[in-house]
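Just below is one structure, and these are the notes that go with it.
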Amino acid sequence: MKLHYRLASALGVLSVALLLPSCQSSRQDADGDNGVPRRSVVNRGEFDDAVGPGRDFFQYVNGKWFKAHPIPADQTSWGVDYVLHDRVQNDLKTIAEELQADPAAADDRQKVRDFYATAMDEGEIQKAGITPLRPELDQIAAIKTAEDLVRVVASMHQGGAGPLFGSNVSQDEKKSDTYALHLCQGGTVLPERSYYVDDDEHSTHIRREYLAHMSRIFRLLGDDQPAADARARTVLALETRLAQAQMNSVELRDVEKQYNRMNRIDLAKLVPSFNWDTYFQLLNVANANEMIVAQPAFMKRLEEMLLQVSMEDWRTYLRWHLLCEAAPYLSDPFADENFNFFGRLLGGAEKIKPRWKRAIATINSDIGEALGRLYVEKHFSPEAKRRVSLLVDNLLAAYAERIRTRDWMSPATKEKALVKLHAIGRKLGYPDKWRDYSALKIVRDSYLRNTLRARQFESRRQFARLGGPVDRGEWGMTPPTINAYYDPAMNEICFPAAILQPPYFDAAADDALNYGGIGSIIGHELTHGFDDQGCKFDAAGNMINWWTDQDKARFDERTKLLVKQFSACVAVEDVHINGELTLGENIADLGGVAISFEAFKRATAGKEVPQIDGFTGAQRFFLSYAICWRDIDRDELLKNRVRTDEHAPPHFRVLVPLSNFRPFYDAFGVKPGDPMYRPEPDRAEVW
C-alpha cells in the first residue's frame with residue numbers, strides 16, 4: 001500500500017544542490033503563517049515549452065530537466081527522489097564518519113559506528129572472501145535428514161534468506177488488535193512467477209542469464225564448471241516448480257483470498273513432511289496454535305516436493321539461497337556478480353554504487369531506527385512536523401466533504417466511510433518511542449556477520465510479538481526513508497522525516513506548491529484506505545465488509561474505467577501497463593490529487609492567490625504535482641516493474657490522473673483535440 005516504487009531498487013545520486021537552487025525562484029507570493037512570505041519553487045527554465053501542457057504535461061514540466069540530468073551510470077532510475085536521496089545519504093554518511101572519530105560512542109551510536117566501519121573495511125572484506133559465511137555453509141553441507149532441513153530453513157529465515165516459503169508475525173487482518181503467524185508462498189529469487197513460467201522472449205532470456213549467474217556464483221564458491229552448471233539447473237528446476245504454484249502479481253492484491261485461518265493440526269495435514277513443531281520452536285513461536293496460510297495451494301506443492309526432492313538437491317538449493325542473500329556483503333567477486341545480474345541485467349545500471357552508499361543503505365535497512373534517531377536530531381525541524389500536520393487536517397476536512405458529496409454512495413455507507421476517515425492515525429517525522437537495540441551485538445569482526453546478527457535480532461523481535469498486544473506506535477519505515485505509506489490494518493498514514501523536504505514539502509514555500517506536492521501524497525495515502533483493497537478494512541483495521549452491495553457494485557464499476565485507461569498505456573516498447581495490477585495505486589493517485597486540490601482551495605479561501613512567474617495558484621499546484629513525479633527509469637527496469645510493481649511508471653501517474661480532472665483543464669486551457677483531453681463521459685472519478 002505504499003506510495004512509491006522508486007526506492008525498491010538501490011539508489012544513488014548527485015548532490016541535492018543540483019536541484020534546489022535551480023528550482024527556487026527569488027519571487028515570493030502572498031504572506032504565509034505569521035506574515036512570512038512563501039517562496040515559489042517553480043523554474044520555467046526546466047519546462048519544455050515545445051510540448052505544451054495540453055499535449056503531455058509530464059514532458060512539458062520535466063522535459064528539459066531530464067535532458068540536463070541523464071540517468072547516472074550507477075543508477076537504474078533518476079529524478080527528484082534520487083537527488084533528494086543523495087542529500088539524505090550524504091547526511092547519513094557524515095553522521096557515520098563523524099562517529100568513527102568517537103571512541104567513546106555508546107549504545108546506538110556505537111552500533112552505527114562499528115557497522116559502518118566493517119562495511120567500509122574493504123581490505124578485510126576482500127581478505128576474508130567466503131570465510132564469514134562458512135558456519136552457514138557447513139550447516140547446509142551437514143543436512144542429511146528431513147529434520148536437519150527444517151532446522152536449516154528456520155535458521156536461514158531468521159537471517160533474512162527466504163527458502164521454501166515465507167513466514168512472519170504481523171497483525172491479524174480480521175482481529176487487528178492481535179498478532180498472527182502468517183505463512184506464505186516464497187522460495188524463489190526472480191522478481192515474479194512469470195519469469196519462471198512464461199515463454200516470451202524476455203522471460204526466456206532472463207532465465208538463461210539467471211542460470212549463467214548462478215553458475216558463476218557456484219564457481220566462485222569453488223565448484224568446477226560442470227558441477228556449477230548442473231547445480232544451477234537444479235536450482236532453476238526447483239524454483240520453477242515452486243513458482244508454478246504461486247499466485248501471480250494481480251492475484252496477490254486480493255487480500256481476502258489470502259486469509260485462510262488454520263490450526264496446528266490442519267497445517268500438519270497440509271504439509272506433513274515438514275516438522276512444524278521444530279520450526280516453530282526454533283522461531284520461538286511454539287505457542288502458535290493457529291496461523292493464517294496465504295496460499296494453501298502453494299503449500300501443497302511444497303509438500304509434493306518435500307516427498308520427491310533428494311537431500312542433495314535441497315542442499316544445492318539452500319546453498320544458492322544463502323549465497324544470493326549474502327553476496328552483496330562478501331568480497332568483490334561475489335558483490336560484483338550479484339550486481340551484474342540484479343543491478344545491470346534486471347535494472348539496467350551500468351556500474352555498481354560506491355561502497356559507502358551501499359553501506360549506508362544496509363545500515364538504514366538493518367538498524368534504521370538507530371541511524372534515523374541520529375538523523376532526526378540533526379536534520380528534522382519541529383516546524384516542518386507542525387505544518388505537515390496542519391496539511392493533514394485540511395486534507396481530512398476536504399476528504400470528508402468529498403465523501404458527503406459522492407452521489408453514488410448511500411447515506412449508510414457514507415457514515416461508515418466518515419468514521420473510518422476520522423479514525424486514520426498519523427505518523428509524521430519519527431516514532432514517539434525509538435526501537436531498543438540494546439540486545440543487538442554489533443562489533444568490528446565482519447560486515448556480513450553484522451548484517452546477519454541485525455537480521456536475526458529483527459526476526460526475533462518480530463516473532464516475539466505473537467501473543468502480545470499490537471504495538472500501534474511501531475513504524476514500518478525508518479525516518480531517513482523518502483517514501484510514505486498507508487497501513488490498512490493500523491488504519492494509519494506514515495510520512496518519514498526524509499520525505500518532508502523540498503520538492504515535496506517546504507515550510508517556506510507557496511501553499512500551491514505544498515498542496516500540489518506533499519498534499520497530493522497525503523491525499524494518495526488517505527485514499528489507500530478507500531481503494532479496491534483498502535476499502536475492505538474498517539475503521540479499526542479489521543478486514544470486514546462495511547459496504548452495501550449496491551454501493552460496492554457502483555464503486556467497482558467506476559474503477560473499471562481506470563483499469564481500461566491504464567491498460568491502454570504503453571510503458572516501454574510494446575509492453576502495456578497492467579491496469580489490474582496497478583489499480584489500487586491508480587485509485588490513490590486520482591483521489592490524492594482531487595482531495596489535495598480541494599484542500600488547497602479550502603486553505604486559500606478568501607485569500608488573494610497572486611500569479612508568480614506568470615502562473616496562477618491552480619497552475620502552480622499542478623506544476624508541483626508533476627515535478628514531484630519527476631522520475632524516469634531505464635527500459636530494463638521498466639520491463640521488470642510492469643510485471644511486478646503495483647505502481648504505474650511516473651510519466652503515467654501524471655498524465656492519466658490529470659486527464660481525468662476538470663480543474664486541470666481549466667487551469668491550463670486544455671481543450672478538445674489536445675492529447676490530454678478526454679470527453680467528459682470518458683473521465684474516471686472515484687473519490
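Since every read-out is calculated from the coordinates, none of them should be taken as a lab result. Source: prediction; values computed, not measured. Cβ coordinates were reconstructed from backbone atoms using ideal geometry, including for glycine residues, and neighbour counts include every protein chain displayed.
As I understand it, the value is the acute angle between the Cα axis of helix 635-644 and the longest principal axis of the Cα atoms of the chain; what does it come to in degrees, rounded to 10?
Relative to the chain, helix 635-644 is tipped by roughly 80 degrees.
Largest first, please: the extent of the C-alpha atoms of segment 134-329 along each principal axis, to the nearest Å.
If we take the Cα atoms of segment 134-329, the spans are 52, 39, 33 Å.
Among 255-265, 346-356, 490-500, how do they line up by average Cβ neighbours within 10 Å per residue, starting with the highest? Walk me through the numbers before you get to the answer.
Numbers: 255-265: 14.0, 346-356: 18.6, 490-500: 24.5.
Descending mean neighbour count gives 490-500, 346-356, 255-265.
Restricted to Cα positions, what overall size does segment 437-553 have along the principal axes? Three whole-Å values, descending.
Dimensions of segment 437-553 along the principal axes of its Cα atoms: 59, 43, 21 Å.
State the answer as a single residue: which of 625, 637, 661 lies farthest towards the positive end of the charge dipole of segment 601-662, with beta carbon charges of +1 for Lys and Arg and -1 for Asp and Glu, about the Cα centre.
My answer, from the dipole projection, is 661.
For segment 134-329, how many pairs of lysine residues have a Cα-Cα distance under 19 Å, where the two are 8 or more positions apart or belong to different chains? Intermediate values should be presented prior to the final figure.
Details: 174/257; 175/257; 257/300; 269/300.
Close lysine pairs under the 19 Å cut-off: 4.
If you put +1 on each Lys and Arg Cβ and -1 on each Asp and Glu Cβ, how big is the dipole of the chain around its Cα centre, in Debye rounded to 20?
The calculated dipole for the chain is roughly 640 debye.
By DSSP, what percent of the beta bridges with both residues in the chain are antiparallel, rounded to the nearest 5? If you can, show how the numbers build up before the last one.
Details: 25 of 33 bridges.
The antiparallel proportion sits near 75 percent.
Can you tell me the orientation of helix 368-379 relative to the chain, as the angle in degrees between its alpha-carbon axis and the longest Cα principal axis, to the nearest 10?
The helix 368-379 is inclined about 30 degrees to the chain.
Which of the peptides 201-212, 616-627 is most tightly packed, and how do the rest follow, judged by the mean count of other Cβ atoms within 10 Å per residue?
On the way: 201-212: 15.3, 616-627: 24.7.
Result, highest mean first: 616-627, 201-212.
Report, to one decimal in Å, the Kirkwood hydrodynamic radius for segment 356-463 based on all distinct Cα pairs. List each step's numbers first, then the result.
Numbers: mean 1/r = 0.0566 Å⁻¹.
After inverting the pairwise mean of 1/r, the radius is 17.7 Å.
Along the positive direction of the dipole of the chain (beta-carbon charges: Lys, Arg +1; Asp, Glu -1; about the Cα centre), which of 220, 410, 493 reaches farthest?
The listed residue farthest towards the positive side: 493.
Which of 414/607; 64/93; 385/433; 414/560 have a Cα-Cα distance over 24 Å? Let's see the in-between values first.
Working: 414/607 31 Å; 64/93 31 Å; 385/433 16 Å; 414/560 21 Å.
Result: 414/607; 64/93 exceed 24 Å.
Quick check: residue separation of residue 148 and residue 441 times 0.36 nm, minus the Cα distance between them. What number comes out in nm? Please list the in-between numbers first.
Working: separation 293, 0.36 × 293 = 105.48 nm, distance 2.71 nm.
Going from the current span to full extension adds 102.8 nm.
Using every Cα-Cα pair within the chain, state what percent have a distance larger than 33 Å.
Working: 118606 of 235641 pairs.
Across the chain, Cα pairs with separations above 33 Å total 50 percent.
Can you tell me the length gained on complete extension of the stretch residue 556 to residue 97, counting 0.36 nm per residue apart and subtracting the Cα distance?
Values: separation 459, 0.36 × 459 = 165.24 nm, distance 5.27 nm.
Result: 160.0 nm gained on full extension.
Using alpha-carbon positions, what is the distance between the centroids of segment 45-72 and segment 588-612, in Å?
When both Cα centres are located, 24 Å separates them.
Using only Cα atoms, locate the centre of segment 81-145 and the centre of segment 398-456, then give the distance between them in Å, rounded to an integer.
With segment 81-145 and segment 398-456 each reduced to a Cα centre, they are spaced 28 Å.
How much length is gained on full extension from residue 289 to residue 264, taking 0.36 nm per residue of separation minus their Cα-Cα distance?
Working: separation 25, 0.36 × 25 = 9.00 nm, distance 0.53 nm.
Between residue 289 and residue 264, full extension yields an extra 8.5 nm.
For segment 277-337 and segment 642-687, compute the distance between their C-alpha centroids and round to whole Å.
Result: 44 Å between the Cα centres.
Would you mind getting me the FRET efficiency between residue 104 and residue 568? Use the beta-carbon distance for r and R0 = 51 Å, nearest 0.05.
Details: r = 62 Å, r/R0 = 1.21.
It comes to 0.25.
Applying 1/(1 + (r/R0)^6) with R0 = 22 Å to the Cβ-Cβ distance of residue 127 and residue 336, what FRET efficiency is obtained, to the nearest 0.05?
Numbers: r = 17 Å, r/R0 = 0.75.
Between residue 127 and residue 336 the formula returns 0.85.
Please compute the Kirkwood hydrodynamic radius of segment 466-522 from all pairs of different C-alpha atoms, in Å with one decimal.
For segment 466-522, the Kirkwood estimate is 12.7 Å.
Projecting each Cα onto the charge dipole of the chain (Lys/Arg +1, Asp/Glu -1 at the beta carbon, about the Cα centre), which of 245, 527, 582 comes out farthest on the positive side?
Positive-end residue among those listed: 527.
Measuring from label point to label point, each 7 Å out along Cα→Cβ, what is the residue 400 to residue 378 span in nm?
It works out to 4.1 nm between the two label points.
Taking Cα atoms, how many degrees apart are the long axis of helix 201-221 and the longest axis of the chain, rounded to 10 and kept between 0 and 90?
For 201-221 against the chain, the angle is about 50 degrees.
For a Förster distance of 51 Å, can you work out the FRET efficiency between the beta-carbons of residue 230 and residue 608, rounded to the nearest 0.05? Walk me through the numbers before you get to the answer.
Numbers: r = 75 Å, r/R0 = 1.48.
Step by step, r from the Cβ atoms, then E = 0.10.
Given +1 on the Cβ of Lys and Arg, -1 on the Cβ of Asp and Glu, and no further charges, what dipole in debye does segment 134-329 carry about its Cα centre, rounded to the nearest 20?
Charge dipole, segment 134-329, about its Cα centre: 240 debye, nearest 20.
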